[in-house]
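The values are calculated or read from the model by the stated rules, or taken from the named source; none is laboratory data. Remember, predicted model here, so these are calculated numbers, not experimental data. Cβ: placed from backbone, ideal geometry, glycine included. Neighbour counts: every protein chain shown. All accessible areas refer to the heavy atoms of the entire protein, side chains included, with ligands and DNA or RNA removed. Shrake-Rupley method; radii C 1.70, N 1.55, O 1.52, S 1.80 Å.
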Amino acid sequence: FDGRVREPDGTYRHYESILHNRLDDPNIGGILLSIRDITERRAAGAAVRVEEQRLRVALECANLVVFNQERDLRSTWNFKSHLFDDPDFMIGKTDEELFPPDLATRLTAFKRGVLERGLGDRISVTVDDGGNDRFYLLAAQPLRGADDNIIGLIGAAMETTEQHRTEAFLRHAQRLESLGMLTGGIAHDFNNYLGIISANLECILPTLGEGSHVHRYGENALTAVRQGVDLTRNLLAFARQQPLQPTRLDLNTLLNNFNSILRHLTGPAIELTCDLDPDLWPCEADASELQNALINLAINACDAMPEGGTMTIRTRNRHMAGSEDGQNRDSVQLSVSDTG
């Protein structure tokens, strides 16, 4: 049994007492009592428990997977696991018994390199978790015994899936920004060329006899130029190089004119359909902002339908009751849906 004794100075010391029954021993004929002072041992044990608790809290906060492996790369200890419901499932197993062949081969080669060089290292790995890729940064250090010989390794893995997705999103945004700048520059130059062509056609057409085939050719060319001007206006809207200009517009006409750009953006794998109300009311909006919103929705649709699908754009008249000023208002509804 354990007990404690109060010293004269008011402090306590802890003792371990062991009783040995030797009544049947003729040489002793009694009970032996041995007492050992275990104050320092108890203090050391309490300190270890506090440090273990601190370590576990730190690992929980850092969301780390920490593991220990012997020289034969069999797991002997594991703290937390994002991949297995039971962390103890890893105990006694090698990477070949836990992971797919390609990943296991890469992990084993990495860890053997740490053991052979006697130096820490890190590696990025991808784990297939039921069809979803999860990304990890794995760091490992050789574990040394009392004689400074390497007896195994200790490693820590941090999941970087969200960071990886964020970086991919930023790279995509940077590409779009570069594309917008390039589109804006090309559209400006193209608009200048169209201006020259349009001015010359407007000077030539009055000199030609109306009704002649040459005059019709000139009118067709001028119509094509005006359509090209609309196209450059759409490109400039995509590049965000036009000021905000809320105007009264026909949303159906805007969508019909913008349809070709959306089809180029979505590609042949995605079917783009328009369900437009033929009696749609006019509305007030900034055409550039509307087109930019449509481009963003089309990009999202492409991401949601990598194997193809259908994207539908729909317009409807809506009567809104109970607005902020208490009055009823008519509005136009634009909706975009996809099968992704």
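List of remarks:
- Hits in the stretch 182-213 - residues which are polar (S, T, N, Q), in a helix (DSSP H, G or I) and open to solvent by less than 70 Å² (accessible area, probe 1.4 Å): Thr183, Asn191, Ser198
- Test: residue in the stretch 318-325 that is under 27 Å from Leu176 (Cβ atoms) and modelled with pLDDT of 85 or more: no
- Some residue of the stretch 248-263 being touching a strand residue (DSSP E or B) at 6+ places or on another chain (Cβ under 7 Å), open to solvent by 30 Å² or more (accessible area, probe 1.4 Å) and either of a type outside the set (Gly, Ala, Ser) or at pLDDT below 90 (or both): yes
- Test: residue in the stretch 306-316 that is at pLDDT 85 or above, open to solvent by 50 Å² or more (accessible area, probe 1.4 Å) and under 25 Å from Thr232 (Cβ atoms): no
- Among the residues making up the stretch 281-305, those that are open to solvent by 50 Å² or more (accessible area, probe 1.4 Å), at pLDDT 85 or above and either farther than 19 Å from His264 by Cβ or touching a Cys at 6+ places or on another chain (Cβ under 7 Å) (or both) are Trp281, Pro282, Glu284.
- Look at the stretch 170-187: where a residue is of a type in the set (D, E, K, R), no partner that is outside any helix (DSSP H, G or I) and exposed (fewer than 12 other Cβ atoms within 10 Å of the Cβ) sits 6+ places away or on another chain with Cβ atoms under 8 Å.
- Flag if Gly130 is touching a Pro at 6+ places or on another chain (Cβ under 8 Å) and loosely packed, with under 15 Cβ neighbours inside 10 Å: no
- Within the stretch 264-280, the set of residues being assigned to a strand (DSSP E or B) and either at pLDDT below 85 or under 15 Å from Thr232 (Cα atoms) (or both) is empty.
- Qualifying residue in the stretch 160-181 (condition: part of a strand (DSSP E or B), of a type outside the set (Gly, Ala, Ser), open to solvent by less than 80 Å² (accessible area, probe 1.4 Å) and touching a Lys or Arg at 6+ places or on another chain (Cβ under 7 Å)): no
- Hits in the stretch 133-159 - residues which are open to solvent by less than 40 Å² (accessible area, probe 1.4 Å) and among the aliphatic types (A, V, I, L, M): Leu138, Ala139, Ala140, Ile150, Leu153, Ala156, Ala157
- The requirement of being part of a helix (DSSP H, G or I) and in contact with a strand residue (DSSP E or B) (Cβ under 6 Å, 6 or more places away or on another chain) is not satisfied by Arg4.
- Close pairs (8 angstrom Cβ cut-off, 6 or more residues apart or separate chains): touching a residue at least 12 places away in the same chain (Cβ under 8 Å) and under 9 Å from Gly340 (Cβ atoms) in the stretch 298-313, of a type in the set (S, T, N, Q) and open to solvent by less than 30 Å² (accessible area, probe 1.4 Å) anywhere: Ala301/Thr266; Cys302/Thr266; Met311/Thr266
- The number of residues in the stretch 111-127 that are under 25 Å from Gln163 (Cβ atoms), open to solvent by 20 Å² or more (accessible area, probe 1.4 Å) and of a type in the set (A, V, I, L, M, F, W, C) comes to 1.
- Tabulated pairs, the stretch 14-26, first surrounded by 11 or more Cβ atoms within 10 Å (Cβ to Cβ), second part of a loop (DSSP other than H, G, I, E, B) and not polar (S, T, N, Q), C-beta under 6 angstrom, 6+ apart or interchain: His14/Ile38; Glu16/Ile38; Ser17/Phe1; Arg22/Ile28
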